[in-house]
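Below is one structure, written out as C-alpha coordinates; comments come after it.
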There are 2 protein chains.
Amino acid sequence: MNLENTKAQMRKGILEYCILAMLKQQEAYASELIRGLKEQRLLVVEGTIYPLLTRLKNDGLLTYRWEESTSGPPRKYYMITPLGRDFLGELHKSWQELTAAVNELTTLD
Amino acid sequence: MNLENTKAQMRKGILEYCILAMLKQQEAYASELIRGLKEQRLLVVEGTIYPLLTRLKNDGLLTYRWEESTSGPPRKYYMITPLGRDFLGELHKSWQELTAAVNELTTLD
DNA sequence: AAATAGTACTAGGTATTGCATAGTACTATT
DNA sequence: AATAGTACTATGCAATACCTAGTACTATTT
(Lines give C-alpha, C1' and ligand atoms only; values in the text may rest on other atoms or scores of the structure.)
Protein backbone atom coordinates (compact mmCIF):
# COMPACT_ATOMS: atom_id res chain seq x y z
CA MET A 1 0.00 0.00 0.00
CA ASN A 2 1.58 3.16 -1.19
CA LEU A 3 0.96 6.38 0.70
CA GLU A 4 1.76 8.59 -2.29
CA ASN A 5 -0.77 6.71 -4.35
CA THR A 6 -3.46 7.10 -1.72
CA LYS A 7 -2.75 10.81 -1.55
CA ALA A 8 -3.16 11.04 -5.32
CA GLN A 9 -6.50 9.25 -5.04
CA MET A 10 -7.54 11.68 -2.32
CA ARG A 11 -6.92 14.53 -4.69
CA LYS A 12 -9.38 13.23 -7.24
CA GLY A 13 -12.53 15.28 -7.29
CA ILE A 14 -10.98 17.83 -4.98
CA LEU A 15 -8.80 19.66 -7.45
CA GLU A 16 -11.65 21.03 -9.50
CA TYR A 17 -13.14 22.45 -6.31
CA CYS A 18 -9.85 24.20 -5.53
CA ILE A 19 -9.41 25.49 -9.08
CA LEU A 20 -12.91 26.92 -9.27
CA ALA A 21 -12.45 28.61 -5.90
CA MET A 22 -9.14 30.13 -6.92
CA LEU A 23 -10.58 31.42 -10.18
CA LYS A 24 -13.56 32.86 -8.37
CA GLN A 25 -11.17 35.12 -6.51
CA GLN A 26 -9.09 36.05 -9.52
CA GLU A 27 -8.58 34.97 -13.12
CA ALA A 28 -5.31 33.15 -13.74
CA TYR A 29 -3.40 31.05 -16.24
CA ALA A 30 -2.31 27.46 -15.67
CA SER A 31 1.14 28.08 -14.25
CA GLU A 32 -0.21 30.59 -11.76
CA LEU A 33 -2.71 28.03 -10.58
CA ILE A 34 0.02 25.42 -10.21
CA ARG A 35 2.07 27.88 -8.19
CA GLY A 36 -0.88 28.80 -5.98
CA LEU A 37 -1.59 25.15 -5.29
CA LYS A 38 2.09 24.47 -4.64
CA GLU A 39 2.17 27.20 -2.00
CA GLN A 40 -0.36 25.15 -0.10
CA ARG A 41 1.70 22.05 -0.76
CA LEU A 42 -0.89 20.69 -3.14
CA LEU A 43 1.51 19.50 -5.81
CA VAL A 44 -0.20 19.21 -9.17
CA VAL A 45 1.45 18.60 -12.54
CA GLU A 46 0.77 19.89 -16.03
CA GLY A 47 -0.67 16.57 -17.20
CA THR A 48 -3.37 17.13 -14.57
CA ILE A 49 -4.09 20.83 -14.72
CA TYR A 50 -4.48 21.37 -18.44
CA PRO A 51 -6.97 18.56 -19.08
CA LEU A 52 -8.82 19.64 -15.91
CA LEU A 53 -9.09 23.24 -17.08
CA THR A 54 -10.25 22.02 -20.47
CA ARG A 55 -12.92 19.80 -18.93
CA LEU A 56 -14.22 22.65 -16.79
CA LYS A 57 -14.27 24.92 -19.84
CA ASN A 58 -16.08 22.34 -21.93
CA ASP A 59 -18.70 22.01 -19.21
CA GLY A 60 -19.28 25.75 -19.21
CA LEU A 61 -17.86 26.37 -15.75
CA LEU A 62 -14.89 28.37 -17.05
CA THR A 63 -14.14 30.67 -19.94
CA TYR A 64 -10.81 32.01 -21.14
CA ARG A 65 -8.99 34.70 -23.13
CA TRP A 66 -5.52 34.78 -24.66
CA GLU A 67 -3.02 37.36 -23.59
CA GLU A 68 0.41 38.03 -25.07
CA SER A 69 3.22 37.77 -22.57
CA THR A 70 6.15 40.15 -22.48
CA SER A 71 8.45 37.43 -21.25
CA GLY A 72 7.54 34.27 -23.15
CA PRO A 73 4.75 32.54 -25.04
CA PRO A 74 1.13 33.78 -24.88
CA ARG A 75 -0.97 32.80 -21.88
CA LYS A 76 -4.47 31.48 -21.53
CA TYR A 77 -6.24 33.32 -18.70
CA TYR A 78 -9.20 31.44 -17.25
CA MET A 79 -12.24 33.02 -15.57
CA ILE A 80 -15.13 31.41 -13.76
CA THR A 81 -18.63 31.67 -15.30
CA PRO A 82 -21.89 32.23 -13.43
CA LEU A 83 -22.60 28.51 -13.90
CA GLY A 84 -19.17 27.81 -12.44
CA ARG A 85 -20.03 29.91 -9.40
CA ASP A 86 -23.22 27.97 -8.83
CA PHE A 87 -21.41 24.67 -9.15
CA LEU A 88 -18.70 25.87 -6.79
CA GLY A 89 -21.37 26.50 -4.19
CA GLU A 90 -22.54 22.91 -4.53
CA LEU A 91 -18.99 21.62 -4.28
CA HIS A 92 -18.43 23.70 -1.16
CA LYS A 93 -21.45 22.09 0.46
CA SER A 94 -20.35 18.61 -0.59
CA TRP A 95 -16.87 19.20 0.78
CA GLN A 96 -18.20 20.37 4.13
CA GLU A 97 -20.41 17.31 4.41
CA LEU A 98 -17.61 14.96 3.38
CA THR A 99 -15.08 16.36 5.82
CA ALA A 100 -17.61 16.34 8.64
CA ALA A 101 -18.41 12.70 7.93
CA VAL A 102 -14.77 11.68 7.69
CA ASN A 103 -13.78 13.52 10.84
CA GLU A 104 -16.63 11.89 12.70
CA LEU A 105 -15.56 8.44 11.56
CA THR A 106 -11.87 8.96 12.13
CA THR A 107 -11.82 10.78 15.42
CA LEU A 108 -9.32 8.97 17.59
CA ASP A 109 -10.14 8.18 21.19
CA MET B 1 -20.27 18.34 -14.98
CA ASN B 2 -22.02 15.97 -12.68
CA LEU B 3 -22.10 16.66 -8.97
CA GLU B 4 -22.69 13.04 -8.03
CA ASN B 5 -19.71 11.98 -10.08
CA THR B 6 -17.51 14.59 -8.46
CA LYS B 7 -18.60 13.41 -5.03
CA ALA B 8 -17.67 9.85 -6.01
CA GLN B 9 -14.26 11.08 -7.12
CA MET B 10 -13.86 12.89 -3.80
CA ARG B 11 -14.39 9.61 -2.02
CA LYS B 12 -11.44 7.99 -3.74
CA GLY B 13 -8.56 7.48 -1.38
CA ILE B 14 -10.67 8.62 1.55
CA LEU B 15 -12.62 5.44 2.08
CA GLU B 16 -9.64 3.34 3.04
CA TYR B 17 -8.77 5.95 5.66
CA CYS B 18 -12.29 5.71 7.09
CA ILE B 19 -12.35 1.94 7.00
CA LEU B 20 -9.01 1.59 8.76
CA ALA B 21 -10.11 4.06 11.42
CA MET B 22 -13.37 2.24 12.01
CA LEU B 23 -11.61 -1.10 12.29
CA LYS B 24 -9.09 0.35 14.68
CA GLN B 25 -11.94 1.05 17.06
CA GLN B 26 -13.63 -2.29 16.59
CA GLU B 27 -13.49 -5.30 14.31
CA ALA B 28 -16.43 -5.56 11.93
CA TYR B 29 -17.72 -7.32 8.85
CA ALA B 30 -18.53 -5.62 5.56
CA SER B 31 -22.21 -4.88 6.11
CA GLU B 32 -21.50 -3.34 9.51
CA LEU B 33 -18.95 -1.07 7.88
CA ILE B 34 -21.45 -0.07 5.21
CA ARG B 35 -24.01 0.72 7.89
CA GLY B 36 -21.50 2.73 9.91
CA LEU B 37 -20.56 4.76 6.85
CA LYS B 38 -24.21 5.23 5.93
CA GLU B 39 -24.94 6.71 9.36
CA GLN B 40 -22.53 9.47 8.46
CA ARG B 41 -24.17 9.77 5.07
CA LEU B 42 -21.14 8.29 3.36
CA LEU B 43 -22.99 5.98 1.00
CA VAL B 44 -20.79 3.13 -0.18
CA VAL B 45 -21.84 0.04 -2.11
CA GLU B 46 -20.76 -3.59 -2.02
CA GLY B 47 -18.86 -3.34 -5.28
CA THR B 48 -16.64 -0.80 -3.52
CA ILE B 49 -16.27 -2.19 -0.03
CA TYR B 50 -15.39 -5.79 -0.76
CA PRO B 51 -12.56 -5.12 -3.21
CA LEU B 52 -11.33 -2.39 -0.86
CA LEU B 53 -11.22 -4.73 2.11
CA THR B 54 -9.47 -7.33 -0.02
CA ARG B 55 -6.86 -4.83 -1.15
CA LEU B 56 -6.17 -3.73 2.42
CA LYS B 57 -5.90 -7.37 3.48
CA ASN B 58 -3.55 -8.20 0.63
CA ASP B 59 -1.34 -5.29 1.63
CA GLY B 60 -1.12 -6.58 5.19
CA LEU B 61 -3.11 -3.74 6.76
CA LEU B 62 -6.04 -5.96 7.75
CA THR B 63 -6.58 -9.53 8.76
CA TYR B 64 -9.81 -11.45 9.12
CA ARG B 65 -11.57 -14.45 10.68
CA TRP B 66 -14.76 -16.24 9.72
CA GLU B 67 -17.61 -16.44 12.15
CA GLU B 68 -20.81 -18.42 11.79
CA SER B 69 -23.92 -16.30 12.01
CA THR B 70 -27.04 -17.39 13.82
CA SER B 71 -29.22 -15.52 11.39
CA GLY B 72 -27.73 -16.06 7.94
CA PRO B 73 -24.56 -16.89 6.08
CA PRO B 74 -21.15 -16.80 7.78
CA ARG B 75 -19.43 -13.45 8.20
CA LYS B 76 -15.92 -12.30 7.58
CA TYR B 77 -14.79 -10.14 10.50
CA TYR B 78 -11.90 -7.80 9.69
CA MET B 79 -9.32 -6.50 12.16
CA ILE B 80 -6.58 -3.95 11.72
CA THR B 81 -2.95 -5.14 11.92
CA PRO B 82 -0.05 -3.27 13.56
CA LEU B 83 1.07 -2.31 10.06
CA GLY B 84 -2.44 -1.05 9.41
CA ARG B 85 -2.27 1.12 12.53
CA ASP B 86 0.99 2.64 11.37
CA PHE B 87 -0.43 3.35 7.94
CA LEU B 88 -3.56 4.84 9.50
CA GLY B 89 -1.36 7.29 11.34
CA GLU B 90 0.17 8.39 8.06
CA LEU B 91 -3.23 8.70 6.43
CA HIS B 92 -4.43 10.82 9.34
CA LYS B 93 -1.55 13.19 8.81
CA SER B 94 -2.14 13.29 5.05
CA TRP B 95 -5.82 14.03 5.57
CA GLN B 96 -5.10 16.88 7.96
CA GLU B 97 -2.66 18.41 5.51
CA LEU B 98 -5.04 18.01 2.59
CA THR B 99 -8.02 19.55 4.35
CA ALA B 100 -5.92 22.41 5.63
CA ALA B 101 -4.68 23.12 2.12
CA VAL B 102 -8.13 22.88 0.57
CA ASN B 103 -9.72 25.08 3.21
CA GLU B 104 -7.02 27.68 2.73
CA LEU B 105 -7.57 27.71 -1.03
CA THR B 106 -11.35 27.71 -0.89
CA THR B 107 -12.03 30.13 1.93
CA LEU B 108 -14.60 32.54 0.61
CA ASP B 109 -14.24 36.21 1.25
C1' DA C 1 -40.80 -29.76 0.85
C1' DA C 2 -40.21 -26.04 -2.25
C1' DA C 3 -40.06 -21.27 -3.13
C1' DT C 4 -38.98 -16.81 -1.57
C1' DA C 5 -36.66 -13.30 1.12
C1' DG C 6 -32.93 -11.48 3.56
C1' DT C 7 -28.14 -11.51 4.14
C1' DA C 8 -23.10 -12.04 2.98
C1' DC C 9 -19.44 -12.57 -0.16
C1' DT C 10 -16.88 -13.07 -4.95
C1' DA C 11 -15.84 -11.72 -9.65
C1' DG C 12 -15.62 -9.00 -13.75
C1' DG C 13 -16.21 -4.87 -16.39
C1' DT C 14 -16.81 0.36 -16.89
C1' DA C 15 -16.08 5.44 -16.21
C1' DT C 16 -13.39 8.95 -14.47
C1' DT C 17 -9.33 11.50 -13.24
C1' DG C 18 -4.53 12.37 -11.51
C1' DC C 19 -0.21 11.46 -13.47
C1' DA C 20 3.66 10.37 -16.79
C1' DT C 21 5.35 11.27 -21.10
C1' DA C 22 6.05 13.26 -25.67
C1' DG C 23 5.69 17.00 -28.45
C1' DT C 24 4.92 21.95 -30.32
C1' DA C 25 5.61 26.82 -29.82
C1' DC C 26 7.17 31.56 -28.13
C1' DT C 27 10.68 34.62 -26.12
C1' DA C 28 15.03 35.61 -23.87
C1' DT C 29 19.67 34.43 -23.13
C1' DT C 30 24.00 32.33 -24.28
C1' DA D 1 22.16 29.24 -34.06
C1' DA D 2 21.66 26.74 -29.89
C1' DT D 3 19.94 26.55 -25.38
C1' DA D 4 16.94 27.64 -21.55
C1' DG D 5 12.74 29.00 -19.56
C1' DT D 6 7.96 29.15 -20.15
C1' DA D 7 3.24 27.80 -21.79
C1' DC D 8 0.12 24.76 -23.91
C1' DT D 9 -1.70 20.28 -26.38
C1' DA D 10 -2.18 15.33 -26.88
C1' DT D 11 -2.00 10.54 -25.60
C1' DG D 12 -1.87 6.57 -22.75
C1' DC D 13 -1.72 4.35 -18.10
C1' DA D 14 -2.93 3.13 -13.16
C1' DA D 15 -6.06 3.14 -9.56
C1' DT D 16 -10.51 3.11 -7.48
C1' DA D 17 -15.60 3.91 -6.84
C1' DC D 18 -19.39 1.87 -8.82
C1' DC D 19 -22.55 -1.30 -11.48
C1' DT D 20 -23.91 -5.82 -12.41
C1' DA D 21 -24.12 -10.79 -12.19
C1' DG D 22 -23.61 -14.65 -9.65
C1' DT D 23 -22.97 -18.08 -5.58
C1' DA D 24 -24.15 -19.42 -0.98
C1' DC D 25 -26.37 -19.72 3.77
C1' DT D 26 -30.34 -19.32 6.86
C1' DA D 27 -35.03 -18.04 7.99
C1' DT D 28 -39.62 -17.41 6.56
C1' DT D 29 -43.47 -18.15 3.65
C1' DT D 30 -46.18 -20.85 0.52
Shape of segment B:59-109, Cα gyration tensor, a/c cut at 1.5: oblate
Please give the average number of partner chain Cβ atoms lying within 10 Å of the Cβ of each residue in A:20-33, rounded to a whole number. 1
With θ set to phi - 60°, apply the Karplus curve 6.51 cos²θ - 1.76 cosθ + 1.60 along segment A:99-104 and write out the HN-Hα couplings as whole Hz, x wherever there is a Gly or Pro. 5, 4, 4, 4, 4, 5
Accessible area expressed per residue, chain B, with surrounding protein chains retained (probe 1.4 Å, Å²): 55
Identify the residue of chain A whose Cβ lies closest to the rotation axis that maps chain A onto chain B, and give that distance in whole Å. A:12, 2
Over chain A, what percent of the accessible surface lies on carbon and sulfur atoms, probe 1.4 Å? 48
Violations at 19 Å Cα threshold for listed pairs A:24/B:93; B:24/B:57; A:12/A:93; A:24/A:93; B:24/B:76; A:7/B:38 -> A:24/B:93; A:7/B:38
Averaging sequence separations of C-alpha pairs under 8 Å and six or more residues apart, then dividing by the length of chain B, give the relative contact order as a whole percent. 27
Mind giving me the FRET efficiency for residue B:65 and residue B:96? R0 is 30 Å, r the Cβ-Cβ distance, nearest 0.05 is fine. 0.40
Please turn the phi angles of segment A:73-82 into ³J(HN,Hα) values with the Karplus equation 6.51 cos²θ - 1.76 cosθ + 1.60 (θ = phi - 60°), one per residue in order, whole Hz, x for glycine and proline. x, x, 10, 9, 8, 9, 9, 7, 9, x
Around residue B:17, under 15 Å between beta carbons, what's the net of Lys plus Arg minus Asp minus Glu among the other residues? +2
For segment B:3-106, rounded, prolate or oblate, judged on the Cα gyration tensor with a ≥ b ≥ c (square roots of eigenvalues), a/c < 1.5 rounded, else prolate if a/b > b/c? oblate
In whole angstrom, how far apart do the alpha carbon centroids of segment B:1-47 and segment B:64-84 sit? 18
Run the dipole for segment A:14-106 about the Cα centre, Lys and Arg Cβ at +1, Asp and Glu Cβ at -1, nothing else charged, and hand back the magnitude in debye, nearest 20. 180
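The values are calculated or read from the model by the stated rules, or taken from the named source; none is laboratory data. Only a predicted model underlies this, so the values are computations on that prediction, with no experimental measurement involved. Quick reminder, even Gly has a Cβ in these numbers, built from the backbone with ideal geometry, and neighbours come from all protein chains shown. With ligands, DNA and RNA removed, areas are computed over all heavy atoms of the protein, side chains included. Shrake-Rupley method; radii C 1.70, N 1.55, O 1.52, S 1.80 Å.
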